[in-house]
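Read the structure below first, then the notes.
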Amino acid sequence: MLATLTAIGFWESEQFSASGQLGPSASLQTNSARVQRQFEHLNAAFRQIQLDQNHPKYPKPSDLKILRSDTIAALILCQEMAELYQWGPSFTENGALFVANSNFIDDDVLDFEGISLAIGQLQNAPDQASENKLFGSGVSPLLPLRTLTNGAQSFIAQYLSFFGSSTTYGSTGIATVQALHDACNFLKIGACQKALVGGGHFANLFSFVNNCLLISDTEGYAEASATSFFMLEPYHPETKAPAALHIVEHIDSLESLSQHQVDWLFYGGAFTPAQDQELHKRCGQLDYKEAFSWFTHTGNLGAAELGMLLAVAVNWLHAGQTAIVLLKDAYDIFEIIKVQKA
């Protein structure tokens, strides 16, 4: 046993839960994302997080200039979880924070016309100082701050008044699983007693352009901005937390799945319906009773997908039941873990 998940929360579009509560599979809606960008022969649909600017835990106005919507969602979610689960100083002073990001370029940064114009003006600059001045006047000085890979991790630490160890991971959908591995190792060696692990993803044209280069057929392409987090503690067989789920084992390959028999398969990482079907097919050597993917309900969730899959495991598994949680990234790299409901 590697560790025990004792708390979970997620935010995808209007789906928000600091307690990780999720209804039965029959209550999940089919993906309603609309095509937002259209090229010749290429369509892509994106879902965005619905934020309430009047939320009591909405970020300070002075921070908003450099926060993406997925980071804002992460800040609100983590604060709500900290209050709900009453983490207190035992986590903020002695815990560890592991935050993954997949796409971290938002729409406000995608001002290609403005950036191109600013670059074009550089040819008229007589010296380096003038070049810097011209480019600075044409491009917001806040642009680099909006694209920091550690933006979510640093702001979460700030808003939670967190002083423990913290690390940023990126930039594909399996980054959160890699963060999970490190969190388990931290717990194993006693470097911390609690570890908050999670990830965020911003779905937009930049993400699509990066990923479509790796996909032969983009028909039905869909992804969603989302964020999810979960708390890990050292494994103890008697753990009775509301969201108690044991992280049992890390599985090193698809071929190793043939050695396992589980109640559920929770899988993710697809960007198109064809990819989702192919991914399910590649798990055919695993002996399981039921399977679930978020794709038909949300599209790809990037670094938030692991937490969303663990949420369904927490809600749908019964005591003692086991499941495989499998994620694939755009480069066809797999991360696989086995879980058991406490």
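The values are calculated or read from the model by the stated rules, or taken from the named source; none is laboratory data. Computed from a prediction, not measured in an experiment: that's the story for all the values here. In this analysis, Cβ positions are derived from the backbone assuming ideal geometry, glycine residues included, and neighbour counts consider all displayed protein chains.
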Quiz item: Got a number for residues in the range 252-272 being surrounded by fewer than 17 Cβ atoms within 10 Å (Cβ to Cβ) and either in contact with a His (Cβ under 6 Å, 6 or more places away or on another chain) or assigned to a helix (DSSP H, G or I) (or both)?
Solution: 4
Self-check item: Near pairs, Cβ below 7 angstrom, 6+ apart or cross-chain, from the range 85-100 (touching a residue at least 24 places away in the same chain (Cβ under 8 Å)) to any residue that is surrounded by fewer than 19 Cβ atoms within 10 Å (Cβ to Cβ) and charged (D, E, K, R)
Solution: F98/D182
Quiz item: Which of (1) under 25 Å from Y85 (Cβ atoms); (2) of a type in the set (A, V, I, L, M, F, W, C); (3) at pLDDT below 95 does A311 not meet, given it meets every other one?
Solution: (3)
Practice problem: Could you grab the pairs with beta carbons closer than 8 Å, sequence gap of 6+ or different chains, first residue in the range 256-271 and in the same structural domain as L205 (by TED's automatic domain parsing) and over 16 Å from F292 (Cβ atoms), second one basic (K, R) and at pLDDT 95 or above? | Solution: H260/K338
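Hey, does the range 6-15 have a residue that's hydrophobic (A, V, I, L, M, F, W, C), in contact (Cβ under 8 Å) with a residue 60 or more places away in the chain, assigned by TED's automatic domain parsing to the domain that holds T296 and surrounded by fewer than 19 Cβ atoms within 10 Å (Cβ to Cβ)? Outline the logic, then answer.
First, pick out the residues of the range 6-15 that are hydrophobic (A, V, I, L, M, F, W, C): 7-8, 10-11.
Then keep just the ones that are in contact (Cβ under 8 Å) with a residue 60 or more places away in the chain; that gives 7-8, 10-11.
Then keep just the ones that are assigned by TED's automatic domain parsing to the domain that holds T296; that gives 7-8, 10-11.
Filter again for surrounded by fewer than 19 Cβ atoms within 10 Å (Cβ to Cβ), leaving none.
No, the range 6-15 contains no residue that is hydrophobic (A, V, I, L, M, F, W, C), in contact (Cβ under 8 Å) with a residue 60 or more places away in the chain, assigned by TED's automatic domain parsing to the domain that holds T296 and surrounded by fewer than 19 Cβ atoms within 10 Å (Cβ to Cβ).
Per-residue answers, yes or no, for (1) at pLDDT 95 or above; (2) within 23 Å of A175 (Cβ to Cβ); (3) among the aromatic types (F, W, Y):
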{"position": "E219", "(1), (2), (3)": "no, no, no"}
{"position": "I247", "(1), (2), (3)": "yes, yes, no"}
{"position": "Y267", "(1), (2), (3)": "yes, yes, yes"}
{"position": "E278", "(1), (2), (3)": "yes, yes, no"}
{"position": "A291", "(1), (2), (3)": "yes, no, no"}
Practice problem: Give, as residue ranges, the helices (runs of 4 or more DSSP H) completely inside the range 87-197 that count at least 2 residues that are of a type in the set (A, V, I, L, M), at pLDDT below 90 and under 30 Å from E305 (Cα atoms). | Solution: 143-146
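Listed here are the residues, each with its yes/no results for (1) part of a loop (DSSP other than H, G, I, E, B); (2) in contact (Cβ under 8 Å) with a residue 60 or more places away in the chain; (3) within 23 Å of C78 (Cα to Cα); (4) not acidic (D, E).
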site: T296; (1), (2), (3), (4): no, yes, no, yes
site: M308; (1), (2), (3), (4): no, yes, yes, yes
site: G320; (1), (2), (3), (4): yes, no, no, yes
site: A323; (1), (2), (3), (4): no, yes, no, yes
site: L326; (1), (2), (3), (4): no, yes, no, yes
site: I337; (1), (2), (3), (4): no, yes, no, yes
site: Q340; (1), (2), (3), (4): no, yes, no, yes
Quiz prompt | Out of A244, A191, sole residue that is in the same structural domain as E14 (by TED's automatic domain parsing) and more than 21 Å from the chain's Cα centre (by Cα) | solution = A191
Quiz item: What is the residue count in the range 220-242 for residues that are assigned to a loop (DSSP other than H, G, I, E, B) and touching a Gly at 6+ places or on another chain (Cβ under 6 Å)?
Solution: 0
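Looking at the range 50-61, can you tell me whether even one residue there is in a helix (DSSP H, G or I), assigned by TED's automatic domain parsing to the domain that holds A270 and not hydrophobic (A, V, I, L, M, F, W, C)?
So in the range 50-61, the residues in a helix (DSSP H, G or I) come out as 61.
Narrowing the set further to residues that are assigned by TED's automatic domain parsing to the domain that holds A270 leaves 61.
Cutting the leftovers down to not hydrophobic (A, V, I, L, M, F, W, C) gives us 61.
Within the range 50-61 (the criterion being in a helix (DSSP H, G or I), assigned by TED's automatic domain parsing to the domain that holds A270 and not hydrophobic (A, V, I, L, M, F, W, C)), the answer is yes, since at least one residue qualifies.
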